[in-house]
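K.L.:
Have a look at this one.
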Amino acid sequence: MLIGLQNVTFEFGARAIVSEATWHIQPGERIGLIGYNGTGKSTILKLLVGQYLPSKGTIEKGRDTTIGYLHQDLLSFDTNETITEVALGAFERVRALEKEIEQLGIELEANPEDNDLLIKYTDALHELDVLDGYNISHKAEEVLHGLGFTTKDLARPYKEFSGGWRMRVLLAKMILQAPDVLLLDEPTNHLDLPSIEWLEKYLLHYKGSVVIVSHDKYFLNKMVNKIVEVYQQQLNFYTGDYEYYEVEKVQRVEIQQRAFENQQDYIRQQEKFIERFKAKASKAAAAQSIQKRLDKLDVIEDVQIERPNIRINFAVDKSPGKVLVDLKGINKSYPTLTILENAFAEIERGDKIALIGANGKGKSTLLRIVAGMESFEGERVWGHNVDESFYAQHQLESLNLNNTVLQEVQECGTKKTDLELRALLGCFLFGGDEIDKKIKILSGGEKARVALTKTIISKANFLMLDEPTNHLDMATVELLAEALTKYDGSIILVSHDRYFISKTANKIWEIEDEKIIEFKGDYNEWLEWKERMAKQKAANPDQAKSATSKAANVIEKKTEPIAIPDVKAGPNGPIDKELQKQIQKLQKVLSLLAHNIETLNKEKTEIELQMADPTIYSDVTKFQAIEKSYHDKNALIRSMNKEYEIAFNDLADLESKM
């Protein structure tokens, strides 16, 4: 055992975080420490490193065990040193040896015949070699590059960087120290996707043990071989990754629930016997014996669901045109950085786009350009009937500080009842009296959750979301992802949460070489495509470049909104009549589909008007019939849009052969 808890109880005032918890961390373990927000995950890490002392029990630690602990409080550290110097601080013994060797060298020059001095000098050189001290600069640069720093950044002072980048430097230093146990509290919060992927690869080969607190499911599934769950003041252990935990927990809960119900049946039967015969002389002794057995019985606890099974539902007031936003010839640059140069892009009805890539590429800038909140050169054309809603951290400034949480969402003009609003706020971790808190006393994370709640109930048909999962726990992220998957509107979002992206996006946008690269497919398909392109690039760079431009559409020029073109003779000869017939047939199909889609959207709007009538809800049968009709219409519209897209692509292929 390296470190652990032995029968530990810890309380904040009257509130118990853990009760009689035992947990031993063994060499080579990679552990995910999970639980709902507020259950005490970070507190347990502080217990392990001795920042908090337990009310009962002991913290056990091996005599020579070294611990590295990454947490938000480290941001108070400041220095004028370069980030390379800060990272090299991990090699304290090597740096001391370098100074010692330098001093011994000077002394040897003055006393070349001093044998004792020569032995000390040789021993110091040997120790430096054993510690691989000649490579520490290379190691530090490798880790800093992996975490997203450029070669120019390595010589910049630590104090010039923002909080997120400072955390990366401190993470680099901790990794280079290579302690026996790494305790990482939300290590991916300040990382972009390439840095997260690098960290995964690095930690998978890490020789020590790792304990990770994270809301990133992808990260946990790749990193851990054991899950420790903080639940109802207890630590529950699962040997496997996060996916294994999800399946196993459901099974354990079902088993415990059945055992609880069986025991309750047994207790009720015995209590009936006692009640019936306790006053009867011939049965009194038996009744007393049963009562003693019941008193000694180990009671199985009921499985309490800490959070209700609530679903987040988006409502859309009106249906937009086919194209929501058209970006034409966009240029955006800063004095030292060009983000976009003559870039084109189009967002269509039904698109759910994830903007991904390394920090500094301009993801949030592009999102603000789409939202009309950033200056740029070029043209941004807004579509017909677009009702947008934008969520980002700076939106917190628009909250009314004097409102309570409930009052703030009530002012959105939604038709939801107070009960429905309370349930929705519960999804975003505002339970009980917390909804009566004033906005002005909320933390930054709590304000962000209020702003996100307002976005959800806005009834917009186009959502622009900048890091919407930053202050949510895994259960809430799942609820939000599920809601966005069912959402009938369009979305463009920036997020570093790969699970969230994989569940919500049907298109991927990247900014490469100042252009917007569009990939039509989900995140997992995009990953597979990126791997194929990397292999092709290694084998044949020219072929890979050609394949990239075909598979991921580098949007350099967009045509006007879709129109069905006429068939004309090509410059090189007469028309292929058979091909012409196929094209004309597809043109008719497209016209019919466009007409049907327009009709269905009108019918859907009529149903939405019926659903807006409060009297409809008094007749359950009628309401269910209308709701079914609404869902059927939506399914049919999605199906026809897909048919339209396939037919249009087929038409484009045929026309290219003319």
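K.L.:
Could you give the semi-axes, largest first, of the ellipsoid that matches segment 1-147, computed as the square roots of 5 times the alpha carbon gyration tensor eigenvalues and rounded to whole Å?
P.N.:
Numbers: eigenvalues 376, 74, 39 Å².
Working through the eigenvalues yields semi-axes of 43, 19, 14 Å.
K.L.:
Oh, and also: So for the chain, taking the charge dipole from beta-carbon charges (+1 Lys/Arg, -1 Asp/Glu), which of Gln234, Leu48, Gly378 sits furthest toward the positive end?
P.N.:
Gln234
K.L.:
Right, another one. Calculated from DSSP H runs of 4 or more alone, at -39500 (n - 2.57) each and per residue, what is the 222 nm mean residue ellipticity of the chain, nearest 500?
P.N.:
Result for the chain, helices only: -15000 deg cm²/dmol.
K.L.:
Shifting gears a bit: Calculated FRET efficiency, Ala539 and Glu246, Cβ-Cβ r, R0 45 Å, to nearest 0.05?
P.N.:
Working: r = 39 Å, r/R0 = 0.86.
Efficiency, rounded to the nearest 0.05: 0.70.
K.L.:
Additional query: Bins of 10 Å, beginning at zero and ending with the bin holding the largest distance: percent of Cα pairs per bin for segment 386-507, please.
P.N.:
Calculated P(r), rounded to whole percents: 13, 47, 34, 6, 0.
K.L.:
Quick one: which residues, 5+ away or cross-chain, put their amide H under 5 Å from the amide H of Tyr391? H built at 1.01 Å from N.
P.N.:
Met464, Leu465, Asp466
K.L.:
Rounded to the nearest 20 debye, what is the charge dipole size of the chain about its Cα centre when +1 sits on each Lys and Arg Cβ and -1 on each Asp and Glu Cβ? All intermediate terms of the calculation are to be shown ahead of the outcome.
P.N.:
Values: 84 positive and 103 negative charges, 519 e Å.
For the chain, the charge dipole is close to 2500 debye.
K.L.:
Something else about it: According to the Kirkwood expression over distinct Cα-Cα pairs, how big is the hydrodynamic radius of the chain, in Å? Don't skip to the end; give the middle numbers.
P.N.:
Numbers: mean 1/r = 0.0335 Å⁻¹.
After inverting the pairwise mean of 1/r, the radius is 29.9 Å.
K.L.:
Placing +1 at every Lys and Arg Cβ and -1 at every Asp and Glu Cβ, with all other atoms neutral, what dipole size does segment 451-513 have around its Cα centre, in debye to the nearest 20?
P.N.:
Values: 6 positive and 10 negative charges, 72 e Å.
In debye, rounded to 20, segment 451-513 gives about 340.
K.L.:
Share of the chain's accessible area from carbon and sulfur, percent, 1.4 Å?
P.N.:
Numbers: 17220 of 34840 Å².
Reported share for carbon and sulfur atoms: 49 percent.
K.L.:
Let me ask you something else. Place the peptides 530-536, 327-333 in order of packing, highest mean first, counting for every residue the other Cβ atoms within 10 Å and averaging per peptide. Could the numbers behind the result be given before it?
P.N.:
On the way: 530-536: 13.3, 327-333: 17.9.
For the peptides 530-536, 327-333, the packing ranking is 327-333, 530-536.
K.L.:
What ranking, highest mean first, results for peptides 269-277, 487-495 when packing means the other Cβ atoms within 10 Å averaged over each residue? Before the final figure, lay out the partial values.
P.N.:
On the way: 269-277: 13.4, 487-495: 22.6.
Answer by packing, highest mean first, reads 487-495, 269-277.
K.L.:
Something else now. For segment 249-368, max minus min Cα coordinate along each principal axis, in Å, sorted largest first?
P.N.:
Projected onto its principal axes, the Cα set of segment 249-368 covers 98, 38, 20 Å.
K.L.:
Average projected area of the Cα convex hull of segment 225-313, in nm²?
P.N.:
On the way: hull surface 34.3 nm².
For segment 225-313, averaging the hull's shadow over all directions gives 8.6 nm².
K.L.:
Roughly how many Å² is the accessible area per residue of the chain, as a whole number, for a 1.4 Å probe?
P.N.:
On the way: 34840 Å² over 658 residues.
Computed with neighbouring chains in place, this is 53 Å² per residue.
K.L.:
Got a sec? Charge dipole of the chain, +1 on Cβ for Lys and Arg, -1 for Asp and Glu; which of Asn331, Ile508, Leu419 is way out at the positive end?
P.N.:
Leu419
K.L.:
Also, quick follow-up: Ordered by residue, what ³J(HN,Hα) values in Hz, to whole numbers, does segment 191-200 give under the Karplus form 6.51 cos²θ - 1.76 cosθ + 1.60, where θ = phi - 60° and Gly and Pro are x?
P.N.:
Karplus-based 3J(HN,Hα) across segment 191-200 equals 10, 8, 4, x, 5, 4, 5, 5, 4, 4 Hz.
K.L.:
Ok, one more. Evaluate Rg over Rh across segment 1-65, taking Cα atoms for both radii and Kirkwood's formula for Rh.
P.N.:
Using only Cα positions, Rg/Rh for segment 1-65 is 0.96.
K.L.:
Using Cα-Cα distances under 8 Å and only pairs 6 or more residues apart, what relative contact order does the chain have, in percent? Write down the numbers at each step before the final one.
P.N.:
Numbers: 971 pairs, mean separation 76.9, N = 658.
Worked out over the chain, it gives 12 percent.
K.L.:
Report the net charge of residues surrounding Ala371, where surrounding means a beta-carbon distance below 12 angstrom and charges are Lys +1, Arg +1, Asp -1, Glu -1.
P.N.:
Details: positive: Arg368, Arg380; negative: Glu374, Glu388, Asp466.
Local charge sum for Ala371: -1.
K.L.:
Next up: Can you list the HN-Hα couplings for segment 515-523, worked out from phi with the Karplus curve (6.51, -1.76, 1.60; θ = phi - 60°), rounded to whole Hz and with x for Gly and Pro?
P.N.:
In residue order, the calculated couplings are 10, 8, 9, 10, 10, 8, x, 7, 5 Hz.
K.L.:
Another question about this same structure. Where does segment 441-514 land on Rg(C-alpha)/(2.2 N^0.38 Å)?
P.N.:
The reported ratio for this selection is 1.15.
K.L.:
Please provide three numbers in whole Å: the alpha-carbon extents of segment 341-446 along the principal axes, with the largest listed first.
P.N.:
52, 31, 22
K.L.:
OK, next. Non-local amide H neighbours of Gly362 (under 5 Å, H modeled in plane, Pro and chain starts lacking H): which ones?
P.N.:
Distant-sequence amide H within range of Gly362: zero hits.
K.L.:
Oh, and also: Could you give me the ³J(HN,Hα) list for segment 278-292, computed from phi with Karplus coefficients 6.51, -1.76, 1.60 and θ = phi - 60°, whole Hz, x at Gly and Pro?
P.N.:
Values per residue, Gly and Pro as x: 5, 8, 8, 4, 6, 10, 4, 5, 5, 5, 5, 5, 5, 4, 5 Hz.
K.L.:
Counting only the heavy atoms of the protein chains, how much of His126 is accessible to a 1.4 Å probe, in Å² to the nearest 10?
P.N.:
120
K.L.:
Return the long-range amide H neighbours of Ile17 (sequence gap of 5 or more, or a different chain), with a cut-off of under 5 Å between placed amide H atoms.
P.N.:
The answer is Phe10, Glu11, Phe12.
The values are calculated or read from the model by the stated rules, or taken from the named source; none is laboratory data. All values reported here derive from a predicted model rather than from experimental measurement. Cβ coordinates were reconstructed from backbone atoms using ideal geometry, including for glycine residues, and neighbour counts include every protein chain displayed. For the accessible areas, the whole protein counts, side chains as well, though only heavy atoms, and no ligand, DNA or RNA atoms are used. Shrake-Rupley method; radii C 1.70, N 1.55, O 1.52, S 1.80 Å.
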